[in-house]
Every structure is written in structure tokens, then in C-alpha cells.
Amino acid sequence: MKKFQTILVVGVALTPFLAFAQDLGNVSTLLGSVGKLINSALPIVVGLALLGFFWGLAMFVFAAHDPEKRGEGRQIMIWGVVALFVMVAVWGLVNFIGTALNITPGTAGTPAIPTITAR
């Protein structure tokens with residue numbers, strides 16, 4: 001255990017030297033690509049959650065005579081609503097934090113990554 005702690009302390013102490021050796025241009029490109037991928041996938045995921053809710057609703061309505069199938073439909077509807085709530089809540093939280101940090105959505109490019117320059 002002592003050896004692990006020593007390696008951890010040395011690793012943390014040497015981390016700034018590793019950070020200074022990196023070119024952050026690729027990180028900015030990677031973050032931009034991930035952002036575009038998330039923006040493209042988000043409507044699909046919300047649509048799937050909505051489709052799941054409507055699937056549960058159809059099961060609930062068409063199985064009015066079978067209490068077991070009605071229960072399954074109700075569970076699917078509940079999970080569809082939970083998924084929609086979580087996605088909308090996270091979207092609202094991200095927008096709130098972006099507004100608090102004065103980051104405007106839809107701006108071209110990604111935010112500037114802080115760098116340290118030698119004098």
C-alpha cells in the first residue's frame with residue numbers, strides 16, 4: 001500500500017509537466033466533434049423515449065381486459081416519462097449552467113481552452 005501511495009504522489013506531482021508538453025489543438029477538435037455527435041443523437045434519443053411512452057400507452061389501452069398486460073403497459077409508460085423527465089431536466093440544467101457562466105449556445109466553435117505561456 002505504501003508503494004501505491006508513493007507512485008500516486010509522484011504521479012500527481014509530475015502531472016503539470018505532462019500537461020505543458022501537450023498541444024491542445026486536438027482536444028479542441030475532439031470536444032467539438034463530441035458536441036456535434038451529442039447534438040445529432042439527442043433528438044433521436046428523445047424520440048425513442050416518446051415512442052416508448054406511446055408503446056406503453058397502446059399496450060395499456062388495448063389490454064383493458066388483462067390486468068397483467070395493463071400493468072406491463074403502465075410500467076413502460078412510467079419509464080418513458082422518467083426518461084423524458086431526466087433528459088429535459090439535464091438539458092435545462094446544462095442551459096442554466098451555461099447561462100450562469102455566460103456561455104451562449106449555438107456559438108461557432110468550442111470555448112477557448114486555457115493555456116499557459118512562457119515569458
**Message:** So, in the stretch 47-71, exactly how many residues are exposed (fewer than 15 other Cβ atoms within 10 Å of the Cβ) and more than 28 Å from the chain's Cα centre (by Cα)?
**Reply:** 10
**Asked** Restricting attention to the stretch 10-25, which residues are modelled with pLDDT of 70 or more and of a type outside the set (A, V, I, L, M, F, W, C)?
**Response** G11, T15
**Prompt:** Are there any pairs with C-beta distances below 8 angstrom linking a residue in the stretch 64-82 that is part of a loop (DSSP other than H, G, I, E, B) to a residue that is surrounded by 13 or more Cβ atoms within 10 Å (Cβ to Cβ), with the two at least 6 apart or on different chains, and if so which?
**Reply:** A64/R70
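The values are calculated or read from the model by the stated rules, or taken from the named source; none is laboratory data. Keep in mind that this is a model prediction, so the values were computed, not measured. Positions of Cβ are backbone-derived with ideal geometry, glycine not excepted, and every protein chain shown enters the neighbour counts.
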